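Computed from the coordinates by the stated procedures, all read-outs in this text should not be read as laboratory data. Remember, predicted model here, so these are calculated numbers, not experimental data. Because the Cβ atoms are built from the backbone with ideal geometry, glycine has one as well, and the counts that use them run over all protein chains shown.
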Amino acid sequence: MASVALILKIVRVNFLRRHPVALGLIALILLSALSPLPPVVDAVTGAVSLDLDLVRPMAYTALAPLSNVLDALTFLTLDRAKAFLLLWVPALAVWGLLRPGSRRRRVLTAVLGAVTVPVLAVAAVLLPRPVPRLVVADSAVTVIDYHAHTDRSHDGRRGWTLEDLAEWHAAQGFGASYVTDHNVVFDEEVGEPIRLLPGVEWSVYDQHIVALGGVTFVDRAAFSRDTRAMLRLFAELHRHGAIGIASLPEYWRNHWGDLDAFVAAGVDGFEIVNCAPKAIGFPAGARAQVWRIAAVRDLLVVGASDNHGWGKVTCVWNLSSPSAHGYRSNRVIARSIALAQGDWEPWTAAYTQPWLMLESLSWSERLSWLTWILVLLIYRAVPRRAGDPRGLGILARSLSLKILKLRRS
């Protein structure tokens with residue numbers, strides 16, 4: 001009863017009138033907990049795996065409102081990202097113009113509101129920050145990435161070196177990664193902080209094929225004339241001792257009717273999750289169709305970060321088992337919010353992406369959100385003396401005054 005009394009002292013009767021946004025956000029945070037999304041699931045079965053966990057660093061949880069928003073922006077498809085910006089930018093600008101205050105203040109608030117989402121989008125791509133890490137109980141499996149790039153690719157981030165790529169993977173729990181730059185063979189030996197393995201991504205006729213293992217140079221012109229020529233690349237890779245994986249989104253968008261031909265030509269596997277904005281929207285129905293083909297033909301299904309140096313978090317990990325072969329040799333573990341991208345129309349992104357983000361919060365993250373909201377409410381609720389500056393000083397005084405009043409009561 002005492003704790004309830006304290007809360008009632010802080011939250012005034014006119015709370016709804018003065019702080020509708022805060023109250024609405026608190027309600028959404030609590031309501032979303034009624035239908036939670038697991039942070040990661042098996043991309044094939046959709047099941048929650050009990051032998052692994054997505055561990056969030058303390059700093060990530062402490063800054064959960066920022067961490068979660070930046071992650072949610074990272075996992076938007078390209079079309080959903082455009083729709084998200086087209087709605088939220090003008091909405092926040094209008095909200096700023098309608099707020100009370102002088103004309104100058106309203107215009108400034110509108111401008112700040114309009115640039116908030118683009119600034120957050122840039123921060124999601126470039127801002128150094130703590131990231132979640134996948135921890136696996138079974139030490140016999142290797143957490144691996146089958147598709148990643150450095151600045152040797154034409155679309156890689158400038159200055160994104162092998163060391164940067166290795167550190168990016170290590171921070172998120174990977175033990176190894178193939179380096180698959182566009183049409184540039186990687187055959188070096190890098191063992192720290194993770195193993196970097198030989199690979200290349202060949203750009204051929206309407207398709208990217210990820211070659212892994214004993215990669216050597218091939219003449220792409222011979223496989224770039226048409227679909228039939230492209231399919232011969234799989235046999236050529238086998239002749240060199242490498243395997244070939246069909247990359248997303250190309251086979252989905254350009255060769256969806258040719259999957260049987262891929263199998264007949266000797267494809268060794270398919271990507272079923274790819275974190276690139278143009279590929280992350282691969283629909284659940286299409287993903288299921290591909291893994292059923294792979295299961296019957298004993299082919300690999302893999303996930304790919306497709307990292308190019310842009311963005312700080314991955315949406316997928318692979319658990320590779322040396323004791324198995326083919327279809328059963330790899331498990332694809334993906335972020336639930338990423339898998340859901342293909343289930344929603346782009347125009348819904350403005351409200352579905354925030355809701356998916358809230359559904360996927362852990363309870364420690366929810367508590368972090370609620371704590372930040374409460375602190376800001378207290379900061380805004382205590383009257384300021386004339387001349388009091390904004391910042392941590394007034395926040396400390398606000399908290400002190402609230403505690404003093406409650407004790408006197």
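In the chain, taking the dipole from charged Cβ atoms about the Cα centre, the farthest positive-side position among V204, G101, A27 is held by G101.
Counting beta carbons within 10 Å around each of K312, K278 and listing the fewest first gives the order K278, K312. For the pair the range 287-310 and the range 30-77, the centres of their Cα atoms are 21 angstrom apart. Here's the picture: charge each Lys and Arg Cβ at +1 and each Asp and Glu Cβ at -1 in the range 137-342, and of G213, W252, A286 the one pushed furthest to the positive end of that dipole is A286. According to the Cα-based calculation, Rg over Rh for the range 162-294 is 0.97, with Rh computed by the Kirkwood formula. Expressed in units of 2.2 N^0.38 Å, where N is the residue count, the Cα radius of gyration of the range 94-139 is 2.00.
Between the listed residues G266, F223, V136, the Cα displaced farthest toward the positive end of the dipole of the chain, a dipole computed from Cβ unit charges relative to the Cα centre, is found at V136.
The Cα center of the range 350-366 and the Cα center of the range 219-278 differ in position by 36 Å. Please find the FRET efficiency linking R152 to D219, where r is the Cβ-Cβ separation and R0 is fixed at 22 Å, and quote it to the nearest 0.05. With a Förster radius of 22 Å, E is 0.70.
If you take the beta carbon distance between R99 and E189 as r and set R0 to 60 Å, what does 1/(1 + (r/R0)^6) give as a FRET efficiency, to the nearest 0.05? Plugging the Cβ-Cβ distance into 1/(1 + (r/R0)^6) gives 0.50. Per-residue ellipticity at 222 nm, computed for the chain from helices alone with -39500 (n - 2.57) per DSSP H run of at least four residues, works out to -14000 deg cm²/dmol.
Extension gain for D226 to L63 (0.36 nm times residue separation, less C-alpha to C-alpha distance): 53.6 nm. Charge dipole (Cα centre; +1 on Lys/Arg Cβ, -1 on Asp/Glu Cβ; no other charges) of the range 175-215 amounts to roughly 120 debye. Counted by neighbouring Cβ atoms within 10 Å, the residues V125, V215 run from fewest to most as V125, V215.
As a calculated quantity, the FRET efficiency between L367 and H325 at R0 = 45 Å, using C-beta atoms, amounts to about 0.50.
Kirkwood radius, the chain, all distinct C-alpha pairs, inverse of mean reciprocal distance: 23.6 Å.
As a rough footprinting exposure proxy, the listed residues Y60, Y146, Y178 were ranked by other beta carbons within 10 Å of their own, and the order from fewest upward is Y60, Y178, Y146. Taken about its Cα centre, the range 137-342 carries a charge dipole of about 620 debye when Lys and Arg each add +1 at the Cβ and Asp and Glu each add -1 at the Cβ. The charge dipole of the chain, taken about its Cα centre with unit charges on the Cβ atoms of Lys, Arg (+1), Asp and Glu (-1) only, comes to about 3680 debye.
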